[in-house]
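The values are calculated or read from the model by the stated rules, or taken from the named source; none is laboratory data. Source: prediction; values computed, not measured. For neighbour counting, all protein chains shown are included, and Cβ atoms are generated from backbone atoms with ideal geometry for every residue, glycine included. In case anyone asks, the SASA skips ligands and DNA or RNA and just uses the protein heavy atoms, side chains included. Shrake-Rupley method; radii C 1.70, N 1.55, O 1.52, S 1.80 Å.
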Amino acid sequence: KGIFGTTGERSIVDFQLWTFPIDTLLAFEFRTGRYLKVALRGGPSALGILQTRSDRSYGEEQKQRRQVGFGYAAVAKLQFNLSAFSSSIGMEMYNTYRISDFHMNLEARMQSYDNFKEEGLAVNGSSFGIGFTFEYL
């Protein structure tokens, strides 16, 4: 639900917003020892946006709005090598799946986009996540 900036009143219109980022990032990885790897990525990015509104009929103008904006994205990742913490688990993963290393990742992403068709529209912010990486040699 939208909130009007002037009155603070809540809108009865439902908005659905889908975003589709496309990145072209330059990446660097640094192994700081057996247990930790640091990865940094950054570069230009584009963001496709699809917005639908509940207060318009199908086929009516502005029921769906499609836009593309341009900007940048930057990512920092800490990768903890879990296979180095336990040699028995590391050997089992290699023998069973041919996985040489597997990491738990802590990741932070920052992005900023503007230059959309709609004047004054900008998308920016940060996100944080956790995940896993499997390396095969």
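Things to note:
- Flag if Ser127 is modelled with pLDDT under 90, open to solvent by less than 70 Å² (accessible area, probe 1.4 Å), in contact with a strand residue (DSSP E or B) (Cβ under 8 Å, 6 or more places away or on another chain) and not aromatic (Phe, Trp, Tyr): no
- Selection status of Leu121, open to solvent by less than 80 Å² (accessible area, probe 1.4 Å), aliphatic (A, V, I, L, M) and more than 14 Å from the chain's Cα centre (by Cα): yes
- No other residue among Gln16, Gln64 is farther than 27 Å from Met110 by Cβ and under 28 Å from the mean Cα position of the chain (by Cα) apart from Gln64.
- Residue list for the stretch 24-74, filter: of a type in the set (Val, Ile, Thr) and closer than 27 Å to Lys117 by Cβ: Thr24, Ile49, Thr52, Val68
- Given (1) open to solvent by less than 40 Å² (accessible area, probe 1.4 Å); (2) part of a strand (DSSP E or B), index of the condition Phe116 fails: (2)
- Checked against (1) under 16 Å from the mean Cα position of the chain (by Cα); (2) loosely packed, with under 15 Cβ neighbours inside 10 Å; (3) not β-branched (Val, Ile, Thr), Gln111 passes all but a single condition, namely (2).
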